[in-house]
1. Take the residues of segment A:189-211 that are within 14 Å of another protein chain (Cβ to nearest Cβ) and among the small types (Gly, Ala, Ser): which is nearest to the ligand (Cβ to nearest atom)?
2. Could you tell me whether any residue of segment A:119-134 is part of a strand (DSSP E or B) and within 16 Å of the ligand (Cβ to nearest atom)?
3. Counting just the residues of segment B:2-23 that are acidic (Asp, Glu) and not in a helix (DSSP H, G or I), which one comes out surrounded by the most Cβ atoms within 10 Å (Cβ to Cβ)?
4. For segment B:35-62, name all the residues that are of a type outside the set (Ser, Thr, Tyr) and part of a strand (DSSP E or B).
5. Taking only segment A:57-80 into account, find how many residues are in contact (Cβ under 8 Å) with a residue 24 or more places away in the chain and within 14 Å of chain B (Cβ to nearest Cβ).
6. Of the conditions (1) without any contact (Cβ under 8 Å) to a residue 60 or more places away in the chain; (2) among the charged types (D, E, K, R); (3) surrounded by 15 or more Cβ atoms within 10 Å (Cβ to Cβ), A:Glu22 clears all except one; give me its number.
7. Any idea which residue in segment A:25-72 is surrounded by the most Cβ atoms within 10 Å (Cβ to Cβ), counting only those that are more than 16 Å from A:Gly143 (Cα to Cα) and among the hydroxyl-bearing types (Ser, Thr, Tyr)?
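The values are calculated or read from the model by the stated rules, or taken from the named source; none is laboratory data. This structure is a prediction, so every number in the text was calculated from the model and none was measured. Glycine also receives a Cβ, built like all others from the backbone with ideal geometry; neighbour counts cover every protein chain displayed.
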Amino acid sequence: MTTLLYTHPACLEHDTGFGHPECPARLTAILNTLRTAPFAALEWRDVPQATVEQLTRIHPQGYVERIFARVPRRGNVALDGDTILSPQSGEAALRAAGAVCAAVDAIVQREASNAFCAIRPPGHHAEPTQAMGFCLFANAAIGAAHARAVHGLERVAVIDFDVHHGNGTQAALEHDPGYLYISTHQAYIYPGTGRRDERGIGNVVNIPLLAGSGSTDLRHVWRHEIEPALRDFQPRLILISAGFDAHHMDPLAELNFSEDDYAWLTQQILAVAAECCEGRVVSVLEGGYSLPALAASVAAHVKALMEAPRAAQRSLIKGILERQKTRRNAAGS
Amino acid sequence: MYEFLKYEVRDAMTADPIAIGPDTRLREVEELFESHDFNGVPVVDDRRHLLGILTKFDLLKAFSLDAHALVPHYDTIMEQPAAAVMTRDPVSVEPRLPLSRLLQKLVEMRTKSLPVVENDRLVGIIAREDVLKALRRATIQHEIPIHEDSPS
Ligand SMILES: [Zn+2]
């Protein structure tokens with residue numbers, strides 16, 4: 001069982017205009033890295049367009065139509081100061097959401113243990129009726145809803161470690177106890193939501209971090225908040241909103257995560273997934289605006305995903321050995 | 001040795017300083033900062049009533065990351081009026097304030113300059129450099145031998 005990589009050429013053609021940080025070069029940098037030898041075992045998959053049915057589990061049909069009506073024939077159209085459309089944006093957005101649904105299908109049907117969706121536009125700021133923050137459709141939420149509706153999974157968790165709060169994902173999932181949304185993000189920056197007291201119906205865990213927070217803080221909140229919440233929930237599938245803009249080189253924020261932190265965090269999530277849901281993880285690209293840091297962080301993240309089955313096997317064997325030892329000790333005493 | 005205690009703000013301040021109106025664009029303010037060595041510039045109405053003060057810090061702050069946009073809109077921020085980012089109701093001092101007290105204020109507030117206001121109108125600005133210059137003057141005078149002729 002390998003790791004699946006979902007991407008589509010249309011995601012490179014979503015053109016946000018000269019100098020925009022959410023640029024096609026982000027994806028090019030990622031894909032160039034994932035084409036190198038260490039990632040040869042990745043299984044690359046093309047992706048279908050998301051269907052209206054998939055989108056409308058989260059977004060009203062009127063919203064979907066409104067977005068497509070704004071897509072320009074040429075040039076750029078700004079939905080707000082941050083969120084820009086080009087002629088290929090509609091197609092890219094359909095492939096982005098479609099990738100997550102296709103990845104969910106493959107993982108639930110055990111074609112692989114986990115998947116990474118290298119897509120843009122990102123999704124976690126898109127609310128059911130509001131595009132914003134570079135995002136058009138709430139890709140991760142659409143994938144979570146797909147897993148519940150089509151595959152009947154009772155509980156789906158979304159872990160969002162992008163440096164910005166995923167207001168869109170939260171808005172989409174916070175009213176349904178079948179979802180758990182956990183977000184770490186920098187406090188007081190865009191979009192301004194994600195305060196601790198935003199708890200949904202008890203299914204939202206917001207962990208704002210102060211500017212300057214790094215490895216130690218990440219490990220602390222994992223142990224004391226994220227891991228306990230995840231284990232409590234016992235998800236049947238874990239989606240990751242994988243933004244890499246909490247990296248210490250990112251120009252749009254002030255957290256200090258490193259590639260190693262992303263590898264570590266991924267391994268922790270995979271360990272919980274191995275226990276709760278046979279390792280089923282679908283990771284979805286969100287932000288990350290320093291190209292070198294983004295490429296290196298995605299590499300660390302995907303490498304951890306690829307090593308997951310072996311790591312899970314090791315921890316399984318370790319568990320068996322420990323239980324045998326306890327039994328022997330019990331028998332001996 | 002006690003010469004400095006005789007100084008007042010008006011002895012050291014820059015009188016009738018350059019000031020800007022509330023509608024001045026940040027782009028022009030930045031140019032002002034570049035061409036003069038100001039750290040901050042007073043904002044006044046057409047009767048030179050002090051409305052606020054706009055410092056390099058205020059200008060930087062206008063471009064910092066916040067909850068309003070994912071990316072600060074650098075171009076449009078440059079077109080904003082001074083009134084949008086200036087510090088309103090700034091601390092000001094009177095021209096007759098002893099300079100020693102003004103020094104104390106600058107240290108406590110960690111600020112670089114303060115506007116000087118008399119009868120509700122801006123009459124000067126006093127900065128760290130002005131106080132340092134006054135200190136130098138005060139202490140050099142002390143070192144002048146007493147027996148030498150002085151024009152007083
Ligand atoms: Zn982000």
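1. Within segment A:189-211, the match that is nearest to the ligand (Cβ to nearest atom) is A:Gly194.
2. Yes, because at least one residue in segment A:119-134 is part of a strand (DSSP E or B) and within 16 Å of the ligand (Cβ to nearest atom).
3. Result: B:Glu8.
4. B:Gly40, B:Val41, B:Pro42, B:Val43, B:Val44, B:His49, B:Leu50, B:Leu51, B:Gly52, B:Ile53, B:Leu54
5. 2
6. Evaluating A:Glu22 over (1) without any contact (Cβ under 8 Å) to a residue 60 or more places away in the chain; (2) among the charged types (D, E, K, R); (3) surrounded by 15 or more Cβ atoms within 10 Å (Cβ to Cβ) leaves (1) as the failure.
7. A:Tyr63
One line per residue, one yes/no per condition, for (1) within 30 Å of B:His68 (Cα to Cα); (2) more than 13 Å from the ligand (Cβ to nearest atom):
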residue	(1), (2)
A:His165	yes, no
A:Asp176	yes, yes
A:Ile182	yes, yes
A:Ala187	yes, yes
A:Arg223	no, yes
A:Arg231	no, yes
A:Glu259	yes, yes
